[in-house]
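The values are calculated or read from the model by the stated rules, or taken from the named source; none is laboratory data. Please read all numbers here as calculations on a predicted model, not as lab measurements. When we count neighbours, we look across all protein chains shown, and the Cβ atoms used for this are built from the backbone with ideal geometry, even at glycine. Protein only, heavy atoms only, side chains kept; ligands, DNA and RNA dropped before computing areas. Shrake-Rupley method; radii C 1.70, N 1.55, O 1.52, S 1.80 Å.
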Amino acid sequence: MTRGDLSDGEWELVEPHLPLGVSGPIPDLRSYFNAVMWRFRTSSPWRDVPDRYGSWSTVYDRFRMWARAGIFQSVMDAMIAEAAARGDVDLGLVGVDSTTARAHQHAAGMAVDPALLDDLTKAVTEEKGLRERDETTAPEPADPERERRRAERRRRKARLKAAGLGRSRGGLTSKVHLAADRRCRPLSIVLTPGQAADSPQFVPVMDKIRVRGPVGRPRTRPDAAAGDKAYSSRANRAYLRRRGIKAVIPEKADQAANRKRKGRHGGRPVSHDPELYKQRNTAERCINRMKDWRGIAFRTDKTPDSYLAGLHLRGAILWLRSLPTQP
């Protein structure tokens, strides 16, 4: 076993959640799993996987098969369930935050199905900035070159959307939204293009929290949710209030001024627990721990499902290596 590989005890917890082969157990399964960990830990090309793990092409094929099947998310959910069985999951407070990962040049070149690209192009056309001019305005003279450039721009944006990439201040980036517990371990992960705003992803992140216990239904509702001012919106607060979750989110200055300007029609003042808000940094610290793996900090994967698989793998290892000893 080399540095970073799974120990015998850790492998005993992971192995039951990996799929069997068509004709039974897969030989060298542990080596393949360790090889995937090595690749995301170092952010090296797949062809540079050390020979001690086996053929790099076999490792890559196995990884892609698992990524498409959602195996890595299942492993992370299983590690969370194992922690819950040992009484090591605290849902008294979860922190929500996001981070961006700039795409490496190796992330370019994803092959997109033509039918999917056409559908995405139509969706991009309807977005802000690319909508057709209102029929009430005077139509512009036909310009074939301008229309060709517009169509090409729509196709480029559609291709980026299919790859889970977007343009932000950092260039081509992806954005990772997550919820973390008090011990800086991810409970749920959502991947979006880099230009996606934080607030609209608050509800999808919270809806993905599922902690399976030994018996009964999974627990999906923490006692409180903490986030910075980016998540301060009426929709998010109404969602938390509807589910009986305490909101630990400060109010933006412009929102407070607008509420005061409306007087009694502006609603009640918004407050948050300052002591609980001090623990919001658990989400930021979780992001730092996720990015300890260079393959997470620098996105080199062409497809979003491959990068998301790496995120779930990193989350599973964080949970696995934080488990208390079995009572």
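Residue-wise test of (1) of a type in the set (A, V, I, L, M); (2) out of contact with any Phe, Trp or Tyr (no Cβ under 6 Å at 6 or more places or on another chain).
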| site | (1), (2) |
| --- | --- |
| Ala253 | yes, yes |
| Val270 | yes, yes |
| Asp305 | no, yes |
| Ala309 | yes, no |
| His312 | no, no |
| Ile317 | yes, yes |
| Arg321 | no, yes |
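Taken over the stretch 77-108, the criterion of being small (Gly, Ala, Ser), under 21 Å from Thr300 (Cβ atoms) and in a helix (DSSP H, G or I) is satisfied by Ala107 alone.
Restricting attention to the stretch 239-261 and to residues that are assigned to a helix (DSSP H, G or I), open to solvent by 30 Å² or more (accessible area, probe 1.4 Å) and among the small types (Gly, Ala, Ser), the residue that is farthest from Gly95 (Cα to Cα) turns out to be Ala257. Ser74 satisfies every condition listed in (1) polar (S, T, N, Q); (2) free of Cβ contacts under 8 Å to residues at least 12 places away in the same chain; (3) not in a loop (DSSP other than H, G, I, E, B) except (2). Within the stretch 158-192, if we keep just the residues that are modelled with pLDDT of 90 or more and of a type in the set (D, E, K, R), the residue that is nearest to Glu275 (Cα to Cα) turns out to be Arg182.
Residues in the stretch 31-54 that are of a type outside the set (Phe, Trp, Tyr), more than 17 Å from Gly310 (Cα to Cα) and crowded, with 18+ Cβ neighbours inside 10 Å: how many? Residues flagged as of a type outside the set (Phe, Trp, Tyr), more than 17 Å from Gly310 (Cα to Cα) and crowded, with 18+ Cβ neighbours inside 10 Å within the stretch 31-54 amount to 0. Of all the listed residues (Val205, Val211), the sole one being under 19 Å from Cys286 (Cβ atoms) and in contact with a Lys or Arg (Cβ under 6 Å, 6 or more places away or on another chain) is Val211. Evaluation of Val215 against the conditions (1) of a type in the set (A, V, I, L, M); (2) more than 30 Å from Ala35 (Cβ to Cβ); (3) within 15 Å of the chain's Cα centre (by Cα) shows that the sole unmet condition is (3). Look at the stretch 203-224: where a residue is open to solvent by less than 50 Å² (accessible area, probe 1.4 Å) and a partner is assigned to a loop (DSSP other than H, G, I, E, B) and of a type in the set (Lys, Arg), sitting 6+ places away or on another chain with Cβ atoms under 6 Å, you get Pro218/Arg210; Pro218/Arg212; Thr220/Arg210.
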